[in-house]
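Participant: Pasting in a structure now, in structure tokens, and then I'll have a few things to ask.
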Amino acid sequence: MPGFVRTASPTILIIAIGLLVGVSFTLSKFVAMADVPAYLALFWQVFVASIVLSAVLIGERSIPPAAPTYLKYYLGAGLLGVSLPALIGYAVLGHITTGFYAALVTLSPMFTFAISAVVERRMLPTHRLLGILVGLCGISLATLRGLDLSDIDPVWILLALSGPFVLASGNVFRSRAYPLGADPMTLAAGTLILQLVLIGAVLLISGKMANSASLDPRVFAAIAGIGLITAVSYALTFEVQRRTDGVGFSQVGYFATLSGITFGALAFGERISVAFIAALLLIFVGLAISNGQVSMRRFLPAARPRPCSDCV
């Protein structure tokens, strides 16, 4: 992992990941509009990402650990953080707008909060929930207007809703199962390589790998771009996960939404809400509150000391 990444604040990394994910939404819609089978797009996405991270590890003369604890982590993190969300995205983006799908990702922090509370059997700190709610208010400003859902089959809406739930489950899993002292880069590479092996085996056995020959070069370039984004964003994901919990990381969804709406508007002419700038400011405030960088105590009146009858 480059030194500047290790020294960057989690907030900066969260913003960077969100921007990258938003770009990948736009590229994924382009692939979906080309009627590329979701499983085929996923394979080549993971293939490119695995090659990129493997090259980095070769340069660092490092290999992903293969102990059972790590293999379990690779499998869970890969399914919940890469394969299932990507398959859902490729499937639904041919039927809904990029902006709408990006907006649904804002549910991921709320789902993460709820799942964490259930798994840990306790309520998380109040400032976490407050920060998430502030961010959710901000994203609502950007998405409540201009979203016409009348022509969308409810089946695709329900399937799209499963995306943020899977992402939230991945956030909680990575946070709880993170191997102590593990290197983020080797974890990211191991996760993607294992997914590549599993997906490739399924395609070879089913005989569907041959369909790759029919891919348009421009579509393949878009998939390769998604793969490159996956490699970079996933390496950053593990670095952030090493320093914060699943709830803190889940706020990537806010920036992914704004990024997805912006690039969707530029690429496909989708409308942007006039409240976009206000939403961005609210999201920054929510992120700062949730991460403890803004204390709500300074905005509350100080408690008056109670009179003491025993004092002289």
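Participant: Please work out which residue is farthest from residue 197 (Cα to Cα), limiting yourself to the stretch 41-71 and to residues that are polar (S, T, N, Q) and in a helix (DSSP H, G or I).
Facilitator: By that ranking, first place goes to 69.
Participant: Limited to the stretch 11-38, what total is found for residues that are aromatic (Phe, Trp, Tyr) and surrounded by fewer than 18 Cβ atoms within 10 Å (Cβ to Cβ)?
Facilitator: Number of matching residues: 0.
Participant: Among the residues of the stretch 177-184, is any part of a helix (DSSP H, G or I), in contact with a helix residue (DSSP H, G or I) (Cβ under 8 Å, 6 or more places away or on another chain) and buried (at least 19 other Cβ atoms within 10 Å of the Cβ)?
Facilitator: Yes, the stretch 177-184 has at least one match.
Participant: Give me the residue from the stretch 32-74 that is under 30 Å from residue 214 (Cβ atoms) and not hydrophobic (A, V, I, L, M, F, W, C) and, out of that set, nearest to the chain's Cα centre (by Cα).
Facilitator: 45
Participant: Let me ask another. For the stretch 185-220, which residues satisfy the criterion of being crowded, with 21+ Cβ neighbours inside 10 Å and of a type outside the set (A, V, I, L, M)?
Facilitator: Within the stretch 185-220, 186, 190, 191, 195 qualify.
Participant: Same structure again: List pairs: first residue in the stretch 151-168 and over 17 Å from residue 110 (Cβ atoms), second residue in a helix (DSSP H, G or I) and among the small types (Gly, Ala, Ser) anywhere in the structure, Cβ distance under 7 angstrom, at least six positions apart or on different chains.
Facilitator: Pairs that qualify, where the first residue is over 17 Å from residue 110 (Cβ atoms) and the partner is in a helix (DSSP H, G or I) and among the small types (Gly, Ala, Ser), are 159/91.
All of the numbers you see were taken from the coordinates with simple rules; none came from a lab. Note that the coordinates shown come from a computational prediction; the quantities given were computed from them, not determined experimentally. All Cβ positions, even for glycine, are placed from backbone atoms using ideal geometry, and neighbour counts span all protein chains on display.
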